[in-house]
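Nothing in this text is a laboratory measurement; each read-out follows from the coordinates by a stated rule. Since we're looking at a predicted model, the values are computed, not measured. Methodologically, a virtual Cβ is constructed for each residue, glycine included, from the backbone with ideal geometry; neighbour enumeration extends over all protein chains shown.
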Amino acid sequence: MRNHRGMKRFMMIGLVLTMLIPVLAACTKQAPATDNTVRTLRFASSNGYTGTNGEYFRDYTELFEYEHKNIQLEFIETVDQSRYYYGNVTEEQVDPLEALKEAMTGPTPPDVILVEYNHLPELINDNLLVSLDELIMKEKDFNVDSFVPAVIDGLRKPGNGTLYALAPMFYSSAVIYNKQLFLNKGVEFPTDNMTWQDMFDLARRVTVQDDQNPVFGFAFNNNYGGIWDLFYNMNVYTQPLGMSWIDAETLQMTANTPMWQEVWKTFVDLYKEKVLPQEPDYSQPRTGPFDWDVFLSGKAAMAIVPYSYLYQVVEANKSADRIENYEPIDWDVVTLPTHEAAPGVGSNVYYQGIFAINANAENLDDAWEFIKFVTGEDYARIKSKSSYYLMARQDYIKPIDGVEYNLNAFMALSPPEYSSSEQVLYEKLPEYWSVQSIGQQKMYEVIMNGKDIELALQEWETEGQMMIQEMLERKERGEDGDVGIYGLSDEVKIKLAAGEPVIVNSEATEAAATE
């Protein structure tokens with residue numbers, strides 16, 4: 001009998017323990033959230049910028065801090081922040097990416113890295129980032145199945161299929177078109193996945209060359225722009241091909257090539273044929289609030305616009321009866337055209353908030369917790385209500401006000417693998433835009449004065465290289481002051497404005513006509 005009661009007591013204890021084990025396990029799993037121990041999570045960015053008290057990260061970290069009160073965030077300044085506010089042309093600039101790499105292997109390394117897309121390949125090749133695929137496989141409630149496929153595909157590209165970073169949002173553009181303008185000309189609507197050549201040919205067919213009431217077949221944005229914007233609009237066309245008019249590493253001009261000659265010819269022809277918006281006549285009185293908007297004014301059959309622009313279109317149509325001289329536009333969107341040499345790659349596509357984990361992170365668990373948080377369902381649900389960016393989580397991309405349109409047009413393309421050299425050039429040549437100004441002037445001469453394209457590019461390359469050399473010499477001498485348009489004499493400025501070719505003298509920053 002005694003043995004029976006002992007056995008019964010033993011069985012009861014065992015049953016209680018069995019019931020307690022899941023509870024204890026749950027408490028153990030939740031311990032980091034309720035533990036009073038303060039842990040530090042360090043952040044850094046690959047472009048070097050953190051902002052005051054980490055303001056550069058604030059959009060992503062505020063909600064995380066609220067949910068994780070015992071995680072203290074620390075923002076590491078890998079470079080002097082004054083360079084982003086005041087510039088620094090007299091001292092040798094530190095390469096932000098190199099400074100980051102040094103910090104990532106230092107005694108107090110950052111755990112989480114906010115990465116520029118074009119910096120991912122180098123960090124991956126140097127084995128400085130943690131593979132997120134391995135961490136995702138260990139999770140039961142986190143996966144990337146509901147991400148926009150093009151976003152995940154684009155983020156896998158730098159790792160040759162392996163995922164080293166995630167982003168909660170992305171920016172994208174599409175081609176919006178006015179259906180009525182196509183119907184007026186009996187021309188078929190544009191479609192997804194057109195090539196640039198096919199879309200330009202379609203634009204020519206819908207163009208109306210009428211000085212009083214023109215219709216431009218295609219616009220690179222919703223503004224008129226004219227000749228001066230034409231030069232910069234070429235970047236949208238050339239970026240997927242990795243074309244650059246200057247080598248960011250060697251600072252050698254590369255503008256005078258057969259490829260650039262072909263690009264210039266394409267854009268000059270489109271402008272002369274009035275397929276692209278012409279210079280507006282600002283002396284004319286305005287007749288409505290959208291006079292300088294080529295699409296909402298009904299002057300452009302197609303235009304490249306960001307997703308946020310659709311809010312304006314939807315609101316204008318809803319309020320048409322209260323807007324002077326405005327008729328509702330029947331519209332839709334298609335994907336940006338692509339090049340046959342770069343299928344599936346579009347310009348004006350970039351990821352907002354690309355986060356990765358340092359391979360040398362001291363707090364890997366919280367780093368992964370942060371990335372899960374900002375790329376998770378709850379964050380997407382909250383941000384989708386207040387952000388003009390598109391959510392990487394596809395379920396939280398909804399049509400604006402229930403309007404029907406081709407939403408997938410904004411989700412189909414990946415960004416170019418080729419990095420924009422803007423930041424690198426700014427670091428090396430803070431006044432490099434002055435060299436761009438020469439190219440802009442040369443294009444003006446081609447369109448207005450009939451200058452030969454090859455000659456214009458040759459002159460740009462020669463004069464631009466001399467200007468670059470002058471910038472470098474000034475920098476080496478530690479001299480302040482701008483170089484280029486604002487650093488040249490009045491005589492040189494007048495010659496440039498008149499379209500006369502000039503040669504920069506590195507001693508006096510003067511010029512002489514070469515004709």
**Q.** Computed magnitude of the charge dipole of segment 326-468 (debye, nearest 20; Cβ of K, R +1, Cβ of D, E -1)
**A.** 300
Q. Given 10 Å bins starting at zero, what is the percent of C-alpha pairs of segment 162-261 in each, up to the one with the largest pair distance?
A. 11, 33, 30, 19, 6, 0
Q | Length added when fully stretched, residue 386-residue 201, from 0.36 nm per residue minus Cα-Cα | A | 62.7 nm
Q) Using the per-residue mean of other Cβ atoms lying within 10 Å as a proxy for protection, in what order, highest first, do the peptides 43-50, 257-264 fall? A) 43-50, 257-264
Q) In terms of the Cα gyration tensor, with a ≥ b ≥ c the square roots of its eigenvalues, is segment 66-214 rounded because a/c is under 1.5, prolate because a/b exceeds b/c, or oblate? A) prolate
**Q.** Largest-first principal axis extents, alpha carbons of segment 130-187, Å
**A.** 57, 25, 16
Q. So, in nm, how far is label residue 142 from label residue 192 when the simple model puts each one 7 Å beyond its Cα toward the Cβ?
A. 3.0
Q: Compute the whole-percent fraction of alpha carbon pairs in segment 429-471 spaced more than 11 Å apart.
A: 61
Q.
If I model a spin label at residue 287 and residue 406 as a point 7 Å from the Cα along the Cα→Cβ vector, what separation in nanometres do I get?
A. 3.0
Q: Can you figure out the FRET efficiency of residue 360 with residue 183, using R₀ = 60 Å and their beta-carbon distance, to the nearest 0.05?
A: 0.50
Q: Please work out the Kirkwood hydrodynamic radius for segment 91-146, using every pair of different C-alpha atoms, and report it in angstroms with one decimal place.
A: 13.4
(Q) Using a 7 Å offset from Cα along Cα-Cβ at residue 378, what residues in segment 37-75 end up with backbone N under 17 Å from the label point? (A) 60-72
Q: Quick one: which residues, 5+ away or cross-chain, put their amide H under 5 Å from the amide H of residue 147? H built at 1.01 Å from N.
A: 394
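A 30 angstrom limit on the alpha carbon distance is what I want to check against. Which of 157/428; 274/398; 69/138 exceed it? Working shown, then result.
Numbers: 157/428 28 Å; 274/398 36 Å; 69/138 25 Å.
In this structure, 274/398 lie more than 30 Å apart at Cα.
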Q. For residue 449 and residue 77, what is the calculated FRET efficiency with R₀ set at 41 Å and r taken between the beta-carbons, to the nearest 0.05?
A. 0.25
Q) Roughly speaking, what is the stretch gain from residue 269 to residue 232, that is 0.36 nm per residue apart minus the C-alpha to C-alpha distance, in nm to one decimal? A) 11.7 nm
Q. Which length gain, in nm to one decimal place, applies between residue 98 and residue 252 when the Cα-Cα distance is subtracted from 0.36 nm times their residue separation?
A. 53.2 nm
Q. Remind me, what semi-axes does segment 245-330 give for its equivalent ellipsoid, largest first in whole Å, using sqrt of 5 times each Cα gyration tensor eigenvalue?
A. 37, 17, 12
**Q.** Förster radius 51 Å - calculated FRET efficiency between residue 320 and residue 133 (Cβ-Cβ, nearest 0.05)
**A.** 0.55
